[in-house]
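The values are calculated or read from the model by the stated rules, or taken from the named source; none is laboratory data. As the structure is a computational prediction, the values presented were derived from the model and not from experiment. Here Cβ is always computed from backbone atoms with ideal geometry, including for glycine, and neighbour counts include all displayed protein chains. SASA here: full protein model, heavy atoms, side chains in, ligands and nucleic acids out. Shrake-Rupley method; radii C 1.70, N 1.55, O 1.52, S 1.80 Å.
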Amino acid sequence: MNTIFVLMIITSAGVSEAHTFNNMKDCQAVSQKLKTESFCVEKKPVNIEKEMTSMVTLMRKMIRIIESE
């Protein structure tokens, strides 16, 4: 999965995602032009299938623990 870079903008209401970029350089260029506080972060898309498998495994372990008590 591809890594994306997200422009985060800080406001009095908190931090929010403003736009995504394919590389950090482009993100930082936009961030520097803004007159508001902002920064860029690296974001790796979630592999839903892997995460669901992990969650199911965790739930099964929890059930075994509960049943053994």
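In deg cm²/dmol, rounded to 500, what helix-only [θ] at 222 nm does the chain give when every DSSP H run of at least 4 residues adds -39500 (n - 2.57) and the total is split over its residues?
Working: 2 runs with 31 residues, N = 69.
Rounded to the nearest 500, it is -15000 deg cm²/dmol.
Accessible area, 1.4 Å probe, largest first: how do 50, 33 sort?
33, 50
For the residue pair residue 9 and residue 42, what label-to-label distance in nm results when each label sits 7 Å from Cα along the Cα-to-beta-carbon direction?
2.6 nm
Label residue 30 and residue 69 with points 7 Å out from Cα along Cα→Cβ: what is the distance between them in nm?
4.8 nm
Expressed as a rounded percentage, what relative contact order does the chain have, with Cα pairs under 8 Å and six or more residues apart?
For the chain, the relative contact order is 34 percent.
Which of rounded, prolate or oblate describes the stretch 5-46 when judged by the alpha-carbon gyration tensor and an a/c cut-off of 1.5? Intermediate results must be reported in sequence, preceding the final value.
Details: a/c = 2.98, a/b = 1.25, b/c = 2.38.
Oblate shape, in that a/c is at least 1.5 and b/c is the bigger or equal ratio.
Give me the accessible area per residue for the chain, probe 1.4 Å, as a whole number in Å².
Per-residue value: 86 Å².
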